Amino acid sequence: LKILHVVGARPNFMKVAPLMAELERRPRFTQLLVHTGQHYDERMSDAFFRDLGMRAPDANLEVGSGSHAAQTAEVMKAFEPVMLRERPDAVVVVGDVNSTLACALVAAKEGVPVAHVEAGLRSRDRTMPEELNRLVTDQLSDLLLTPSRDAGENLRAEGIPESRIRFVGNVMIDALRQQLPAAEALGMPERLGVPRGGYHLATLHRPSNVDHAGQLRAILEAFAVLAETVPVLFPMHPRTRKQVEAFGLSGALGATRVLEPLGYREMLGAVAGAALVFTDSGGLQEETTALGVPCVTLRDSTERPVTVDEGTNTLLPDRSREAILAVVERAKAKTGRIPEGWDGRASERIADALEATLGGGAA
Ligand code: UD1
């Protein structure tokens with residue numbers, strides 16, 4: 001069974017790494033890895049390959065940045081000949097980035113089975129590019145591998161037949177569990193000069209937070225107030241850095257410590273040692289829940305409700321300076337449990353599902 005995996009952007013790498021390692025152990029599979037090049041900075045891509053022990057991609061499409069339409073189209077144009085040359089038995093796409101949608105569409109049109117890892121998540125906010133990517137990718141996919149029970153319910157509500165849906169759990173947690181000892185060994189709090197368990201960690205990159213000067217200013221001002229008493233570390237996404245500069249908001253950061261984007265292990269170590277995480281990322285909502293670290297999600301909605309219902313996540317739709325400052329103590333007090341299927345074995349269940357679906361029954 002020849003599997004072609006697609007990765008494009010930072011949140012894809014930690015989902016594909018454990019799955020490729022699992023398929024490597026199963027003689028029925030051969031694998032190819034295609035990197036679309038949506039993310040290309042050393043700190044957004046190469047650092048993750050190293051940390052996660054991934055082999056170099058068999059092809060890099062080098063599409064780079066662009067508008068949604070341009071980026072999606074470039075991925076499609078570059079991916080099609082590679083896929084047609086390789087003729088895989090299935091294309092595996094993960095998550096919800098533009099590369100996910102683009103490659104699912106190319107494969108589906110050529111009749112190549114598509115498996116979507118992390119299927120069924122819905123924010124119900126169609127102003128998010130990721131929501132559109134998720135909706136369309138799931139419609140096109142033959143095998144929908146869900147990370148949580150709510151995801152399966154979303155798919156059924158959209159009329160997707162049961163036979164295409166498999167609950168496999170959260171594959172990102174496989175990577176987290178495998179890498180946590182190495183991440184802890186880095187001693188990130190000490191390296192960053194902050195007290196273990198006594199600092200805040202912030203990440204931000206969603207258009208809804210960083211593309212509007214007033215909204216971005218409110219968040220940065222809240223961080224600056226917090227940073228007067230508790231260190232606030234802010235590894236900054238390149239997109240956010242661009243916007244802070246364009247809006248002339250560097251001054252609003254106050255004592256917040258801006259860092260370069262961190263690698264996978266560095267970030268995991270930094271999250272594990274934090275008192276509280278502020279984020280608009282999907283992955284960090286899950287990683288904080290898996291680690292039992294309190295998290296405030298600065299968004300109107302979440303496609304990962306299990307992190308709020310069962311985990312340590314607090315959703316904060318009101319991102320005014322006052323609301324952010326007011327939520328801190330309540331958010332820090334929140335405890336949670338580990339959701340079903342976040343047990344480090346999702347990649348095994350995905351491999352089983354691929355074998356059963358493509359190979360006519362588990363070997
Ligand atoms: C993308 C995903 C988003 C994911 C995020 C994680 C889509 C629609 N969005 O958003 O779901 O949460 O990745 O990071 O697919 N840039 C660089 N270097 C890079 C990559 C990007 O400088 O290696 C800058 C460029 O200015 C680029 C901008 O960041 O225009 C945005 O990059 P893009 O891949 O379009 O979207 P992200 O905001 O990273």
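The values are calculated or read from the model by the stated rules, or taken from the named source; none is laboratory data. From a predicted model like this one, the values you see are computed outputs, not experimental measurements. Here the Cβ positions follow ideal geometry from the backbone for every residue, glycine too, while neighbour counts run over all protein chains shown. To get the accessible areas, we keep the full protein, side chains included, count just its heavy atoms, and leave off ligands, DNA and RNA. Shrake-Rupley method; radii C 1.70, N 1.55, O 1.52, S 1.80 Å.
Below, the figures for the structure above:
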{"item": "Sequence of His205, His68 from largest to smallest accessible area, 1.4 Å probe", "result": "His68, His205"}
{"item": "Amide H partners (placed H, <5 Å) of Trp342, local residues excluded", "result": "Asn170"}
{"item": "Magnitude of the charge dipole, the stretch 214-265, Cβ model with Lys/Arg +1 and Asp/Glu -1, debye to 20", "result": "220"}
{"item": "In Hz, Karplus ³J(HN,Hα) per residue of the stretch 36-42 (6.51, -1.76, 1.60; θ = phi - 60°; x = Gly, Pro)", "result": "6, x, 4, 9, 9, 5, 3"}
{"item": "Heavy-atom accessible area ranking, 1.4 Å probe, most first, across Asp46, Asp309, Asp150", "result": "Asp309, Asp46, Asp150"}
{"item": "Gained length - Tyr40 relative to Glu322, 0.36 nm times residue gap less alpha-carbon distance", "result": "97.9 nm"}
{"item": "Rounded accessible area of Glu62 (nearest 10 Å², 1.4 Å probe)", "result": "150"}
{"item": "Spin-label model distance (nm) - Arg149 vs Arg126, 7 Å beyond Cα toward Cβ", "result": "3.0"}
{"item": "Residue among Leu259, His237, Leu226 farthest towards the positive dipole end of the stretch 202-268, charges placed on Cβ", "result": "His237"}
{"item": "Between the stretch 200-233 and the stretch 168-185, the Cα center-to-center distance that results, in Å", "result": "27"}
{"item": "Cα-based shape type of the stretch 154-263, given that a ≥ b ≥ c are square roots of the gyration tensor eigenvalues and the cut on a/c is 1.5", "result": "oblate"}
{"item": "Contact order relative to length of the chain, as percent, for alpha carbon pairs under 8 angstrom and 6 or more apart", "result": "16"}
{"item": "Estimated 222 nm signal from helices in the chain, with DSSP H stretches of n ≥ 4 weighted -39500 (n - 2.57), rounded to 500", "result": "-14000 deg cm²/dmol"}
{"item": "The stretch 1-75: relative contact order as a whole-number percent, Cα under 8 Å and 6+ apart", "result": "33"}
{"item": "Residues Leu259 and Glu162, FRET efficiency given R0 of 45 Å [Cβ-Cβ distance, rounded to 0.05]", "result": "0.50"}
{"item": "Computed lengthening from Arg330 to Gln215, 0.36 nm per intervening residue step minus Cα-Cα distance", "result": "39.2 nm"}
{"item": "Heavy atoms of Asp51 accessible to a 1.4 Å probe, total area in Å² rounded to 10", "result": "30"}
{"item": "Sequence-separation-based contact order of the stretch 177-289, relative, with Cα cut under 8 Å and 6+ spacing, percent", "result": "41"}
{"item": "Taking only Cα atoms of the stretch 84-186, radius of gyration then Dmax in Å", "result": "14.9, 47"}
{"item": "Charge dipole of the chain about the Cα centre (unit charges at C-beta), most positive-ward option of Gln38, Gly152, Ala70", "result": "Gln38"}
{"item": "Amide proton proximity set for Thr312, modelled H, under 5 Å, gap of 5+", "result": "Thr289"}
{"item": "Euclidean distance of C-alpha centroids, the stretch 125-164 and the stretch 287-355, integer Å", "result": "19"}
{"item": "For the stretch 1-148: rounded, prolate or oblate by the Cα gyration tensor [a/c cutoff 1.5]", "result": "rounded"}
{"item": "Glu260 accessible area, 1.4 Å probe, all protein chains in place, Å² to nearest 10", "result": "90"}
{"item": "Cα-based shape type of the chain, given that a ≥ b ≥ c are square roots of the gyration tensor eigenvalues and the cut on a/c is 1.5", "result": "prolate"}
